[in-house]
Amino acid sequence: MNKVKNEVREILKCKPHITADDLEEMHYLQAVIKETVRLHPPIPLLVPHDASEDVRVMGYDITAGTMVLTNAWAIGIDPMTWVEPEEFQPERFLNCSIDFRGHDFELIPFGAGRRGCPGTSFAIAPCRCKILFNQ
């Protein structure tokens, strides 16, 4: 928390208002948000989908029409993907291109593709402001 506070204070200095450009400069804050939604996705089980065709996934046969549930929480703590997955380490996202908007399947707290959450931008903006103003 101290690292985030210091970053915010350093970038804002004496400015009365926060701008979008200021948020873009707050790399550690963005890493904290990514790490938070990795460990605590807003919806641990994403919206169910129906398999559109017969497929084989990790040795399992999934027939067309089968309801498929994606466990975003399990993906976020997968030890094959993350080093020390249950530890809160925002530094893992510094100098890293992984995004939570559905482009990288290691981190999909809001789903992915055309069925991803349409409110992702709304969900993330208040999180940033809440972190900025809580002392």
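The values are calculated or read from the model by the stated rules, or taken from the named source; none is laboratory data. Please read these numbers as outputs of a predicted model, since none were measured by experiment. Because the Cβ atoms are built from the backbone with ideal geometry, glycine has one as well, and the counts that use them run over all protein chains shown. Surface areas here come from the heavy atoms of the whole protein model, side chains and all, with no ligands, DNA or RNA. Shrake-Rupley method; radii C 1.70, N 1.55, O 1.52, S 1.80 Å.
If R0 is 41 Å, the Cβ-Cβ spacing of Ile43 and Lys15 corresponds to a FRET efficiency of close to 0.70. Taking Cα atoms only, the orientation of helix 2-12 departs from the longest principal axis of the chain by about 60 degrees. The heavy atoms of Leu45 present about 90 square angstrom of accessible area, all protein chains included, probe 1.4 Å. Ordered by solvent-accessible area of protein heavy atoms (1.4 Å probe), largest first, the residues Phe88, Phe100, Phe105 come out as Phe105, Phe88, Phe100.
If you line up the long axis of helix 120-133 against the longest principal axis of the chain, both from Cα atoms, how many degrees apart are they, to the nearest 10? With both axes taken from Cα atoms, the answer is about 30 degrees.
For the peptides 66-77, 7-18, 51-62, the ranking by packing is 66-77, 7-18, 51-62, with the highest mean count of neighbouring Cβ atoms within 10 Å listed first.
Each residue of region 26-43 is assigned a 3J(HN,Hα), and the resulting list reads 8, 5, 5, 4, 4, 5, 5, 5, 4, 5, 5, 6, 5, 6, 9, x, x, 10 Hz, derived from the Karplus form 6.51 cos²θ - 1.76 cosθ + 1.60 (θ = phi - 60°), x at Gly and Pro.
Efficiency by 1/(1 + (r/R0)^6): what FRET value for Ser121 and Asn95, r their Cβ-Cβ distance, R0 = 25 Å, to the nearest 0.05?
Working: r = 24 Å, r/R0 = 0.95.
It comes to 0.60.
Extension gain Asp50-Glu24, at 0.36 nm per residue separation less the Cα-Cα distance, in nm? Don't skip to the end; give the middle numbers.
On the way: separation 26, 0.36 × 26 = 9.36 nm, distance 3.73 nm.
Here the answer is 5.6 nm.
What are the residues whose amide H is under 5 Å from the amide H of Phe100, where those residues sit 5 or more places off or on another chain and H is modelled from the backbone? Hits under the 5 Å cutoff: none.
Pairs of Lys residues in the chain, spaced 8 or more positions apart or belonging to different chains, with C-alpha separations under 18 angstrom: 9 in total.
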